[in-house]
Amino acid sequence: MAVQRFPLRQRSEQLAATLPPLMVAAERVAITIAQGVHGRRRVGQGETFWQFRRYEPGDRPQIIDWRQSAKTTHVFVRETEWEAAQSVWIWRDTSKSMSWRSSQDWPEKRGRADLLALALMVLLVRGGERVSLYGSGLSPSTGQATLTRMATLVERTGTDGADLPTFEPLPRYAQVVMLGDFLAPIEEIERTVRRFAESGVRGHLLQVLDPAEETLPYGGRVRFEGLQDETPWLLSRVESVRPQYLNRLSSQREGLDTIARANDWSYSSHRTDRPPQTALLALYLALSQRLGN
Amino acid sequence: MLHLGIGGLAFAQPWLLLLLAGLPVLWWLLRVTPPTPRTQWFPAIRLLLGLKPPEETPARTPWWLVLLRLLIAALIVLGLAQPLLNPRTGLTGGGPLVLVIDNGWASARNWENRQSTLDDLLAEAEREDRSVIVLPTAPGPRGEPLASSGLLTAAEARPVAMSIAPRPWPKDRAAAQAALEDMQLPDPANVVWLSDGLEGENAAEFAVRLQELGSLRVLRDAPGGLPRLVAAPETAGVGLMLRARRAATGFEDSAVLIATAEDGRPLARTPVRFATDEQVAEAILELPVELRNQIAQLTIEGEASAGAVMLLDERWRRRPVGLVAEGALEEAQPLLSELYYLGRALEPFTELRQGNLDELFQRDLAVLVLPDSIAALDDSQSRRIGEWVEGGGLLVRFAGPRLAAETDEELLPIRLRRGDRMLGGAMTWDHPARLAPFDASSPFAELRVPNDVLIERQVLAEPSLDLGERTWARLTDGTPLVSAVQRGEGWLVLIHTTANTDWSNLPLSGLFVEMLRRIVRFSQGVTGDNTSERMLPPLETLDGFGRLGPAPPTVLGMDRAALDGGMVGPRHPPGFYGDQDSRRALNLAPTVDRFAAMGTLPPGVTVEQYDASMEFDLKPWLLAAGLALALLDLVISLALRGILRLAPRGAAVGLVLLFVLEAPPSSAQPTDDTFALRASLETHLAYVRTGVPAVDEMSNAGLMGLSRVLNRRTSVETAEPMAIDLNRDELVFFPLIYWPITPQQQDLDPEAARRVNDYMQHGGTILFDLREASIGGNVFSQVSPAVQALRRFTRNIDVPPLAPVPPDHVITKSFYLMNEFPGGYSGGTLWVEVTEGRVNDGVASVIIGGNDWARAWAVTDNGQPMFPVIPGGERQREMAYRFGVNLMMYVLTGNYKADQVHVPFILERLGQ
């Protein structure tokens, strides 16, 4: 998986004609990851030559490389690199509650989720996997054209989606990656995840949260209003309920972790004021281990 | 009105202060009402639902916000109560307000103060609904007797009082006292005397009379604010002795006397210092005679009153006196020669010229002195002198051996007996004669005759009938010593003895100098003065503020005797009398004899100074402060409710903007980057934004027009002109900056001056346009407003040496060939830096002219010229454009065009 590093300006000019800005950002994020993680350097099914090795009993005669064997006294077999392409479905929360940020200094949760989704797609496509956006109805595919299509799809999705994905039958052994704030009731989340797991799909949950949602930095007399028509809640002294809120949040997280582990999924969390690379790296490592198994 | 002892504060509406008692209630109300909660969108609200704070303390408005609101309420209440700082002493009793206003010449200084005081007093009378009596103390222009206005309401009295203006003649307190005699008042009155601070004839007595009407308050000026006088200047040697007088002593003071010419040009500025105990300050003004003779008035700078103006007429001019020194024979003993004595006597008070007749007659002369020792006059010379005397000249001849032998009677006032008379000699039986006292009709009248003046020899006159009236001075035996006769317009004067000590010791005495001075003064001067007997009509008179203007119809003419007597009054205000050819000045200052500050006043009189008691109404300020705090409260409330989300820094900026409303709009300008990009991506002509809209528009339109011409005719491609603010913008991008000079422009700050210096040192060129016609000669010696403004702007700018554009300067041939550089005006000189070295490619960093080029260049959007050029013609406009093109070429190409002159030679060499 050779990474070409053109000067940024040249690349951006090249890509600008065809790629939406989000794509560029995603590529930039993906590049930093790709440097750290290299492909599945192991023997497997594929086209690319991997290594010669001595023939051992039990090897199929068809894989003997006669030309190599003729050069020496031993018999060599030719092994190719493992190139099993898998399909990954990526879903991210497009509900209104994602289009929010507590400060101008960091992006909205939705923007960060889009970026991570697309960057992950870039990485996966580079790795030869087939990707698709869950819910788009497109079958998984690979290649630069796919990325462009996905980027367009990601950018054009509105802000009135559901909190959680509705189940669609996926092929067995497919992977699904869910990005969202997962603030829905824990039971609903469990139901959804189990539904996927029962059909043999494995996946990963990435919770994207705003710093304000993690710390509740408000004080005084505040009336809170939700973004999805929740009932407003008036608090006379916000600072006094902060510990309780943090408790509730951590129990929500523990619930998510439990769900993930129970279904052999994985769960990680990300704050929008942190760089996206760490989250992407974690996500990618989790996925690549899974893909490699 | 409620007076507080502290700091002179009073409330006009004190009962409103009761509202302050309501503040605690307001406090309680504000504390109880909880603030509106702020609204916060929050996606994780589900986690918050159902949460309750452990203890339910009632939400309170923060204490500082309550305090702020209380402060606002208190400010409004205080403001409505109308507090007055330094309030006037209130009117007492219920009687009318009697305003006695000194409006003689001495009140003109600080008249604004008097008027504002008057205004305040009338306002107070209006508030208290008092009737008002107004009494000025200077007679009106018709000389009518003084009369008070009678009882008026305050509203009626206001126009009456405000129409009182200072007069150019003295006040008449005796008349004012008389006007008070028949005043009947029902109640004890409040008398306020707005005095001019001078003692006058009887200040204390007048005050006593005023006190009889009721309580008396006297307003007077601080000693430094009392009026000053310019006394008549005197000739002192080669200079003019200027004197100023002041009324008060006891402190040091200074004044600046300005001598102006008839057309208002200032000729000299002379500072004078008053020593601590002196009433008079003197200074000697030395000026070239031609300039000195142009002085038409002396004024005290910054003091507008008739007393601070001294009008000068012919009498103060130094007369040019010619002393014929032709063929002087006494070179061997120069200290005994007549020329030496005459020179020493005439030098101090005249402009003395020595030479032969031809040289002397080349310039105007008032007096011609012929000593005896000169060579004999030939016919043509006599004829010439005769014509000159007929035309108004005064010829003074001295007797001596040569005259005694003379037979020519032409240029003599009397017929002389042949030979001279010798007294006190060995062969004579008479003693040397003394001088008889002068007749009252003689020009020498009142001169004291010293006893030790002895005449030993004289020439004698043939007795005749009119000898007596032709004699100006005689000896004790009755023989004439000085005789004179009028010849045509002029006079012939003969001194019957010599101008040296050969015949008498008169030339050694001070009387000799005095007599010569009288004779010179008797001459008409260079302009004629033959108005001895006529009635002189008023020509121009001074008003109360010392401004010279046409005489009002109430002014009467005067004869010369009255003028010399110097009565100044309503019918004869100070000014010029006579006609344009010969006029006499009537001045106020010499008639002021009692000039002292007001002494002590009788007990019981309140004395105040004008300046110290300026009433100041705090109401608008308090209300404005209340409003500002209310705005602050609004901002805070909005911020607390989360509607207005300001970063702390942003909020601070917002508040600062709220309070500094008049801050220039510069803070809203684009950043430097955009300016730099805009300025550097294309070539722009630039002009200095002066802040005067008309000038800036003209500059913009002018450079727009020049840009068009440049783009059409030359390879210079310029974008639209840019306005630059010297105090803010970087200049380095512009090859040429057009700077129209206007006095209204603000000064440069030091940083801007540094930038301009930097710009000029590194190749930039600034075209200063004084925008006024015909600047000739030396730019920097002129005193026009534009030159002064230019000088002000360039004070911190390092302006290189300048010279008028030489005919072979590059700018005359950089694109077009031209030899003058017209603009909106034509003919002015263009000054450029003298560039000698190869610094900056020989391009001058400063070009100064006054032709208002932008006016000629200015075009409308569709290319039509916007302004006419003066004197006019499309050719002038075309030449103006050509100048612009040349200038731009010069600035952009430097000495390249200068080198072009060598091209033929280079080509020739290459050809070989």
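Regarding A:Gly161, is this residue modelled with pLDDT under 85, under 21 Å from B:Trp41 (Cα atoms) and of a type outside the set (Lys, Arg)? Break it down stepwise before answering.
Values: modelled with pLDDT under 85: yes; under 21 Å from B:Trp41 (Cα atoms): yes; of a type outside the set (Lys, Arg): yes.
Yes.
From (1) assigned to a loop (DSSP other than H, G, I, E, B); (2) aliphatic (A, V, I, L, M); (3) within 14 Å of chain B (Cβ to nearest Cβ), pick out the condition that doesn't hold for A:Leu138.
Looking at each condition in turn, A:Leu138 falls short on (3).
With the stretch B:258-318 as the region, which strands (runs of 3 or more DSSP E) entirely inside it contain at least 1 residues that are among the hydrophobic types (A, V, I, L, M, F, W, C) and within 15 Å of the chain's Cα centre (by Cα)? Can you show your working first?
Details: elements: B:266-274, B:280-285, B:295-300, B:309-311.
Where strands (runs of 3 or more DSSP E) fall fully within the stretch B:258-318 and carry at least 1 residues being among the hydrophobic types (A, V, I, L, M, F, W, C) and within 15 Å of the chain's Cα centre (by Cα), they are B:266-274, B:295-300, B:309-311.
Which one of A:Leu206, A:Leu170 is crowded, with 19+ Cβ neighbours inside 10 Å, farther than 18 Å from A:Asp114 by Cβ and touching a Ser or Thr at 6+ places or on another chain (Cβ under 9 Å)? I'd like the intermediate steps shown before the answer.
Numbers: A:Leu206 fails: farther than 18 Å from A:Asp114 by Cβ.
The match here is A:Leu170.
Which residue pairs have Cβ atoms closer than 6 Å, lie 6 or more positions apart in sequence or on different chains, and pair a first residue in the stretch B:188-211 that is within 13 Å of B:Asp172 (Cα to Cα) with a second residue that is at pLDDT 85 or above and acidic (Asp, Glu)?
Short answer, once both residue conditions are applied: B:Ser195/B:Asp102; B:Asp196/B:Asp102.
Please state which one of A:Gln104, A:Gln62, A:Gln86, A:Gln68 is within 14 Å of chain B (Cβ to nearest Cβ) and surrounded by fewer than 23 Cβ atoms within 10 Å (Cβ to Cβ).
Details: A:Gln62 fails: within 14 Å of chain B (Cβ to nearest Cβ); A:Gln86 fails: within 14 Å of chain B (Cβ to nearest Cβ); A:Gln68 fails: within 14 Å of chain B (Cβ to nearest Cβ).
That would be A:Gln104, the only listed residue that is within 14 Å of chain B (Cβ to nearest Cβ) and surrounded by fewer than 23 Cβ atoms within 10 Å (Cβ to Cβ).
At least 2 residues that are under 26 Å from A:Arg195 (Cα atoms) and more than 9 Å from every other protein chain (Cβ to nearest Cβ) in each: list the strands (runs of 3 or more DSSP E) lying fully within the stretch A:217-283 that qualify.
Values: elements: A:222-225, A:233-235, A:266-271.
Passing ranges, in order: A:266-271.
Please find, among B:Met567, B:Met598, the residue that is in contact (Cβ under 8 Å) with a residue 12 or more places away in the chain and crowded, with 18+ Cβ neighbours inside 10 Å.
Details: B:Met567 fails: crowded, with 18+ Cβ neighbours inside 10 Å.
That would be B:Met598, the only listed residue that is in contact (Cβ under 8 Å) with a residue 12 or more places away in the chain and crowded, with 18+ Cβ neighbours inside 10 Å.
Select from the stretch B:405-430 the residues that are surrounded by 11 or more Cβ atoms within 10 Å (Cβ to Cβ), part of a loop (DSSP other than H, G, I, E, B) and over 60 Å from the mean Cα position of the chain (by Cα) and write down the one among them that is modelled with the highest pLDDT.
Among those residues, the one meeting the criterion is B:Asp430.
Given the conditions (1) modelled with pLDDT of 90 or more; (2) under 12 Å from A:His204 (Cβ atoms), report the number of the one that A:Thr258 does not fulfil.
If we test A:Thr258 against (1) modelled with pLDDT of 90 or more; (2) under 12 Å from A:His204 (Cβ atoms), just (2) comes out false.
Across the stretch A:186-196, what is the total count of residues that are surrounded by fewer than 22 Cβ atoms within 10 Å (Cβ to Cβ) and within 14 Å of chain B (Cβ to nearest Cβ)?
Summing the residues that are surrounded by fewer than 22 Cβ atoms within 10 Å (Cβ to Cβ) and within 14 Å of chain B (Cβ to nearest Cβ) in the stretch A:186-196 gives 3.
I'd like to check something: does the stretch B:258-269 contain any residue that is farther than 22 Å from B:Arg584 by Cα and either polar (S, T, N, Q) or touching an Asp or Glu at 6+ places or on another chain (Cβ under 8 Å) (or both)? Talk me through it step by step, then tell me what you get.
Keep residues of the stretch B:258-269 that are farther than 22 Å from B:Arg584 by Cα, which gives B:268-269.
From the residues that got through so far, the ones that are either polar (S, T, N, Q) or touching an Asp or Glu at 6+ places or on another chain (Cβ under 8 Å) (or both) too are B:269.
Checked against the condition, which is being farther than 22 Å from B:Arg584 by Cα and either polar (S, T, N, Q) or touching an Asp or Glu at 6+ places or on another chain (Cβ under 8 Å) (or both), the stretch B:258-269 yields at least one hit.
Within the stretch B:189-207, which residues are over 13 Å from B:Asp102 (Cβ atoms) and crowded, with 16+ Cβ neighbours inside 10 Å?
Correct list: B:Ala189, B:Asn190, B:Val191.
Checking B:Met162 against (1) touching an Asp or Glu at 6+ places or on another chain (Cβ under 8 Å); (2) surrounded by 24 or more Cβ atoms within 10 Å (Cβ to Cβ): exactly one of these is not met. Which one?
So the condition that B:Met162 fails would be (2).
Here are B:Leu703, B:Leu726: which of them is assigned to a helix (DSSP H, G or I) and crowded, with 20+ Cβ neighbours inside 10 Å?
Working: B:Leu726 fails: assigned to a helix (DSSP H, G or I).
Of the residues listed, the single one that is assigned to a helix (DSSP H, G or I) and crowded, with 20+ Cβ neighbours inside 10 Å is B:Leu703.
Please go through the stretch B:441-464 and give me each residue that is farther than 24 Å from B:Asp372 by Cα, modelled with pLDDT under 85 and among the charged types (D, E, K, R), ordered by number.
Of everything in the stretch B:441-464, just one residue is farther than 24 Å from B:Asp372 by Cα, modelled with pLDDT under 85 and among the charged types (D, E, K, R), namely B:Glu446.
Hey, can you tell me all the residues within the stretch A:150-170 that are assigned to a helix (DSSP H, G or I) and under 17 Å from the mean Cα position of the chain (by Cα)? Spell out how you get there, then give the answer.
Quick first cut of the stretch A:150-170, residues assigned to a helix (DSSP H, G or I) only: A:150-156.
If the condition is that a residue be assigned to a helix (DSSP H, G or I) and under 17 Å from the mean Cα position of the chain (by Cα), then A:Met150, A:Ala151, A:Leu153, A:Val154, A:Glu155 are the ones that fit.
State all residues of the stretch B:26-48 that are in a loop (DSSP other than H, G, I, E, B), facing chain A (nearest Cβ under 8 Å), over 19 Å from B:Leu629 (Cα atoms) and modelled with pLDDT under 80; if no residue qualifies, say none.
If we filter the stretch B:26-48 for residues that are in a loop (DSSP other than H, G, I, E, B), which is where we start, we get B:33-37, B:42-44.
Keeping just the survivors that are facing chain A (nearest Cβ under 8 Å) gives B:34-35, B:37, B:42-44.
Adding the requirement that they be over 19 Å from B:Leu629 (Cα atoms) leaves B:34, B:37, B:42-44.
The answer is B:Pro34, B:Pro37.
Hey, B:Glu56 hits all of (1) at the interface with chain A (Cβ under 7 Å from one of its Cβ atoms); (2) at pLDDT below 75; (3) not in a loop (DSSP other than H, G, I, E, B) but one; which does it fall short on?
Exception for B:Glu56: condition (3).
Please find, within the stretch A:197-216, the residue that is farthest from B:Pro62 (Cα to Cα) out of those that are assigned to a loop (DSSP other than H, G, I, E, B) and within 11 Å of another protein chain (Cβ to nearest Cβ).
Keep residues of the stretch A:197-216 that are assigned to a loop (DSSP other than H, G, I, E, B), which gives A:199-201, A:210, A:216.
Subsequent filtering for residues that are within 11 Å of another protein chain (Cβ to nearest Cβ) retains A:210, A:216.
Details: A:Asp210: 30, A:Leu216: 22 Å.
For the stretch A:197-216, the residue satisfying everything is A:Asp210.
Please enumerate the residues belonging to the stretch A:171-193 that are free of Cβ contacts under 8 Å to residues at least 40 places away in the same chain and not in a helix (DSSP H, G or I).
Within the stretch A:171-193, the subset free of Cβ contacts under 8 Å to residues at least 40 places away in the same chain is A:172, A:184-185, A:187-188, A:191-192.
Of everything in the stretch A:171-193, those that are free of Cβ contacts under 8 Å to residues at least 40 places away in the same chain and not in a helix (DSSP H, G or I) turn out to be A:Arg172, A:Ala184, A:Pro185.
The values are calculated or read from the model by the stated rules, or taken from the named source; none is laboratory data. The model shown is predicted, which means the values in this text are computed figures rather than measured ones. Virtual Cβ from ideal backbone geometry, glycine too; neighbours counted across all protein chains shown.
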